[in-house]
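One structure is given below, encoded as structure tokens.
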């Protein structure tokens, strides 16, 4: 089988294609955008951009109810927008397979926070696979569809920026034809209409299916033990696995978890029994450490590993050096420091961008500007310095409404959103401003594209 270099996003698209996905849909947001862009170039699946993540997930669910396999993509904060239907869809269950890609952004390369969406898997009871390279992106995407249908649950595929955008070798069959997978649709009111009486029954079914999934051989096969040392063992997953291997090679035993919810307690206990000291390496929150400790297994993680920002092999090696672990040959922990003399190059508004004039004049007139999420957020940077508050999509209007009740220094309040954000979630704030007669100036900065957020 030919080997090709694919990014993680390209590999997910290929995996969905090979799995016979019927619908690919999402809202563009870095680092997830390329999945739909690549998938829509392939003959067969229907692909679309939705107005926001909630609408995208609802469309994907509707397709899966009819029996089609569907994949929906979004960046990590997009799951917040889609959370309302997400929790209920999990109770209802699926017909065709439903895969939800959450593209997390440790280090906030292009995001306003670095929330760890592994907690969504636990909270919403949505099983989650986490690939560490492009081959696993392809394989896990296809496996997620199979397991979703087998146990009637949506499936998360958790990506991070480094896995989304890095390239590695993938086995791809160039002769594989598209074969749309479709299951028969049967009208089922007790399953697909969430009256409280039905939801109570589905809640029990969900727990039963999760219990069965945790024992599934295919699901458990993505958790891999590498026993090379009886003294030290490291439990990790996703991109962090790569950093561990690059930092330590085969010096220490490693358990790589591909299924991060529900956790395979059997293999974790078995691995822990084979080593004297256990460490957990994971980006962001102590999600794995929390659960391993809850199992009564002694381990160390965030005592040494930073709970914020993106990891790399140098930070992992330097952090665990404090615990006495020795890095592999040729790894210089000093490389984590920036190369001296290289000037900073923060993003700026494009040359000739008409948004520049707006922020220049807003600052000159000393009005209060509430911004939003998009390339126009860069209007806050020097020398324009034209935004006072900016938090989330749609907040450009809604936050401005609140500030208008008590305007700072009596200044006029301008609420600013982009054209894509207006339809995504800004329109509700605009309607509210009219209904509640708020004294703001709602502004739409229209560049006719979803730009900085991904497309």
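For this structure, a couple of remarks:
- Using R0 = 30 Å, the C-beta based FRET efficiency linking residue 176 and residue 150 works out to 0.85.
- Reported to the nearest whole Å, the Cα centre-to-centre distance from segment 344-379 to segment 1-70 is 33.
- Measure of compaction for segment 3-220 (Cα Rg per 2.2 N^0.38 Å): 0.95
- When 88, 73, 161 are arranged by Cβ crowding within 10 Å, least crowded first, meaning fewest neighbours, the order is 88, 161, 73.
- Taking other C-beta atoms within 10 Å as the exposure proxy, 200, 356, 167 rank 200, 167, 356 from fewest upward.
- Percentage relative contact order, segment 224-336, counting C-alpha pairs under 8 Å, at least six apart: 29 percent
- At an R0 of 30 angstrom, the distance between the Cβ atoms of residue 51 and residue 339 translates into a FRET efficiency of 0.10.
- For the chain, the longest principal axis of the C-alpha atoms and the axis of helix 134-151 are separated by about 90°.
- Cα gyration tensor shape of segment 217-326, rounded if a/c is under 1.5, else prolate or oblate by comparing a/b with b/c: rounded
- Value of [θ]222 nm, deg cm²/dmol, for the chain, DSSP H segments ≥ 4, -39500 (n - 2.57) each, nearest 500: -11000 deg cm²/dmol
- Gyration tensor verdict on segment 1-71 (Cα atoms; rounded if a/c is under 1.5, prolate if a/b is larger than b/c, oblate otherwise): oblate
- Distance (nanometres) between label positions extended 7 Å along Cα→Cβ at residue 200 and residue 360: 6.6 nm
- Cα-projected label distance for residue 186 with residue 88, points at 7 Å along beta-carbon direction, nm: 2.4 nm
- Our note on the geometry: Cα centres of segment 194-210 and segment 216-277, 33 Å apart.
- For the chain, the longest principal axis of the C-alpha atoms and the axis of helix 355-364 are separated by about 60°.
- Ordered by the count of other Cβ atoms within 10 Å of each Cβ, fewest first, 424, 291 give 291, 424.
- DSSP bridge pairs, the chain: antiparallel proportion in percent, nearest 5: 20 percent
- Taking every DSSP beta bridge that has both ends in segment 3-220, the antiparallel portion is near 20%.
- When the square roots of the Cα gyration tensor eigenvalues are ordered a ≥ b ≥ c, the ratio a/c for segment 355-445 is 1.5 or more and a/b does not exceed b/c, which makes its shape oblate.
Taken together, the values in this text are just the output of simple stated rules run on the coordinates, not laboratory data. Worth saying up front: this structure is predicted, and the values here are computed from it rather than measured. No Cβ is skipped: glycine too gets one built from the backbone with ideal geometry, and neighbour counts run over all protein chains shown.
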